[in-house]
Structures are given as C-alpha cells and as structure tokens.
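Below is one structure, written out as structure tokens; comments come after it.
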Amino acid sequence: MVEVLSLDLSKIKKGGFLTLTEVSTKTWKKRYFVLHDATLDYFKDQSFKEIIGSIKIVDCTVSTMQEGEMPGFYFTLSISSANSKGVEYVLIAESDADRRAWMREITKVNIVSVFDNELYKALEVNPKKPGYFIPIPFFIVKALKFIEDEALDVEGIYRMNGSAHKIENMVTAINANVNVEFTDIHSTTGLVKLYMRSLKNPVLMHESIPALKALINSPEKQQVELLHNLLRKLPIPNFLFLAYFFKHLCKVIEHEDKNMMKASVLTVCISPALVWQSGNSIDVFSDNSIQQAVFNIMIDNYEALFTDNPLTIYASNGKIYFSKLAQEQDTQWPFTLDAPKGSIVQVLSEDKYGWTVCVFNDKWGAVHKKDLEPVSSPREFLKGISSQTSKWAFGDEFVQKLKNKSPESAQLYELLIEKVRTLREKAAKAVI
C-alpha cells in the first residue's frame, strides 16, 4: 500500500477520473488516477484519502481498443509477466483527447527493459525525449558513433574483451532507461555484442532459419537476391538495424590495415549474434554455417542489399494509405521522418509491431503507428497533399538504381509517383 502523504505533487504528470477493470475480473470501477514517476496510483476520489491500488509502469504496453459495453474511449495497459503477474487492465476515458493524453503520458514514464527483450521494445526508449519513438536503439547509435569517432584504428575492436564490470554497469543504466556515455572502446563493443545476443528473438529472427538454410545451399549467384528478398520482409526495426550496423562494420573493415579486423575475423566475432535456433533446438554446425555465410554476403554486398536509403527498398505489404503525423519526430536519430506535426504522409508499408515506412515530400522515414492519426477531413487531405511540391521528385539515376536492385519496388513506385502527382494537381485546384 502506498502512503498518500509520500506523493510529491511536483512529480505528478497527470491526474483524472478513469473507469478501470482488470481483464481477469471484468468488474468496472470509476477511480481517480494519479501518474507520477513510473507509477499509476488510483484513489476512491479526488480527496486522496483512500488509495485503492498502484500499477508499476515497467515494460508496459499501452494500446487503444474498440469500445465495449460501457460508454467512453477505451485503452489497455498490459504489464509484462517478467515484472508482475502479467495482468492486463482496461481503462475508459471520457473523451478521445483525454485517452490520447493518458496514453502519451504513460508512454513517457514507462521503463522498458532493453536487454533480454525484443528489439522493437528498445525503440520505445528515448532518454532525452521520453515518449518519442526512435528507429534504432539510442545506445546503439551512440556506441557506434563513439567507435567510429575514436576507435576505427584500434587493434582488435570487436575481438578483444572489455571490462565485465563496466559492461554490467552500462546494462543496468540502459535497462533503467538512463542515458549512457561511452569512454572505453572494448567495453563498448562488448556491450553491442551482448545486446544482440540477449535479444529474445535475434535480429535475423528465428523464423528465418529455414529460408537461410535454403539460401546457403543455393547457387552462389542466387544468394544475394534471395537474402535481399528475405531482409526486405523482416520487421522494419530489424531491417533498419542490420542496414545501420553493417554500414558501420564496413567502416571497420576499411581500417583493417590498422585495426587488424578483416572480414574473416569480424565474422567470427559478430556472426553468432545475428541468428540462432529457437528454444531447445541445438544444431551448432548448422548455426555456424548460416551465421558466417549470411554475415559474409552482407559485408560483401552491402550496397546491393541496402542501397543508399534502405527505406526505399523495404517490401510493401499492400497497406498503402494516407495519414496525418500526430507528433513531430525526433530527427536527431537515423531513419526518422523530417516532417512538421500535422503533415499528411503516405504510408507505404506497415509491420506487425506497428512500425511504418512513410514519405513526406521527397523525405523518407520510419514512423510508429502511434504517431499517426486519421486525416480529419477531405479538405485537410487536399491541403496537405497540394503543399508537397517535392513529393516523389526522384531523379533518373535513382529510379534506374532502384530498377537494378529491386524491380518490384521500382514498378510499384512508378505507379505511386504517377498517382500522387495526379492527386497533387487535383488537390491544388480544389483548394484554390
């Protein structure tokens, strides 16, 4: 039981009435909620005289849901079983605006366990701007920049072991969603490898094992195309992580005359962290063969697999639509969309984790679906489209490169280019 007097009023992020039920009980109660630190307390009323309970906002997933038997605007609060009993709460706000406000504030204070978790969960953590999704884990971006700025010529990077104590301290800080500073080269590379190995589902994913086995047994001239198609169908966070990380590894290899880390050495150090069998399946020989073969293909064919802008070749799943950007993105991070709040964007792809590939003018970015909302009116749509004079302004060189590396994408984009140009022209006339 939490003592009411222990509440620091200056730390309260939001308060208000919500109707609550635990999914397991299905009993609805209207309570007064107070969000502070990483805790959601609820009281009988606004007097704060009787606290009913507390919900720790740790590894929490917040989602909207369809309306049910009670009037109002529903959302769910799911707490991971690793941090509680695995309960799920359903809450009802009195308005859509209030629901969005609660979801936004809860997301900001949510503490996400980054290590020993799924890759996409780390993208909810942005220490400098809580509540802003980022396409690459914050500490990975900082770690790779530190390595590239300070250590590309250091002998044995990614091969030599760092301080276990320093790595453990950094893991603790990152799991507390605290910003970290990197000062030791080998501890930094050790942290990067440890993170990849700690993922519940590896970057290349357990589900890809059968396709990867078939790939390495295919004729060599077909392997790049097969891997290209497989990578494009990974979840967007996984695809972008591989593009970002392997671009970094290519820079490491460029300095192999000084750091002594040629591709064959990096293969041994890094490839085990890319993919492995799930559960109790143990096939060390098969794992090693897949890991090393795939690593070498990606290093040797980086440009063919990812291009200058990986987002342009990500596979479309047919969910192509227009939406409105509900929140401006934190553009200090790679692969974010540089567009003002309220912009009309075209969503080209959407994965199972809610990540999308969006285009605004000629700018591409990965945006989480929680940062998108429906366009409110035809006029808003027409005004937003007509103002995008640079949209789809691809040069001939870009289109030809796309045709060479992904004919399917090139054909799709040529159709979309024509469609959007026509829409833009009609929209411009309509809003005059």
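One table, with the values for the structure above:
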| quantity | calculated |
| --- | --- |
| Dipole magnitude (debye, nearest 20) for the chain, charges at Cβ of Lys, Arg, Asp, Glu | 1080 debye |
| For the chain, with +1 on Lys and Arg beta carbons and -1 on Asp and Glu, the positive-most of Gly72, Leu325, Leu194 along the dipole | Gly72 |
| Separation of the Lys26 and Lys341 label points, Cα + 7 Å toward Cβ, nm | 4.0 nm |
| Near-label residues of the stretch 251-281 by backbone N, under 17 Å of a point 7 Å along Cα→Cβ of His206 | 273-281 |
| Gain upon complete extension [Ser163, Glu88; 0.36 nm per residue less C-alpha separation] | 23.0 nm |
| Karplus (6.51, -1.76, 1.60) ³J(HN,Hα), θ = phi - 60°, over the stretch 162-177, in Hz, Gly and Pro reported as x | x, 6, 4, 5, 5, 4, 4, 5, 5, 4, 4, 5, 5, 5, 8, 6 |
| Long pairs among Lys142/Lys369; Lys166/Lys262; Lys108/Lys129; Lys142/Lys200; Lys319/Lys370, criterion Cα-Cα beyond 18 Å | Lys142/Lys369; Lys166/Lys262; Lys142/Lys200 |
| Per-pair calculated FRET efficiency, R0 = 22 Å: Asn309 and Ser387 via Cβ, rounded to 0.05 | 0.45 |
| Stretch gain in nm, segment Asp300-Met65, where the contour uses 0.36 nm per residue and the Cα spacing is subtracted | 80.0 nm |
| Of Ala366, Leu91, Phe133, farthest towards positive along the dipole that unit charges on Lys, Arg, Asp, Glu beta carbons give the chain | Leu91 |
| Residue-span extension gain [Asp362 to Ala263] - 0.36 nm each, minus C-alpha spacing | 32.1 nm |
| Unit charges at the beta carbon, dipole of the chain: most positive-side option, His206, Pro378, Val252 | Pro378 |
| Among [x] 5, 22, 33, 28, 10, 1, 0; [y] 5, 24, 35, 25, 9, 2, 0; [z] 4, 18, 26, 25, 17, 8, 1, 0, the entry derived from the coordinates for P(r) over Cα pairs in 10 Å bins from 0, in percent | [z] |
| ³J(HN,Hα) computed for each position of the stretch 319-335 - Karplus, 6.51 cos²θ - 1.76 cosθ + 1.60, integer Hz, glycine/proline x | 8, 10, 7, 9, 8, 10, 6, 7, 9, 4, 8, 8, 6, 6, 9, x, 6 |
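Every number in this text was worked out from the coordinates using simple rules, so none of it is lab data. Nothing here was measured: the structure is a model prediction, and the numbers come from that model. Note: ideal-geometry Cβ built from the backbone for every residue, glycine included; neighbour counts use all protein chains shown.
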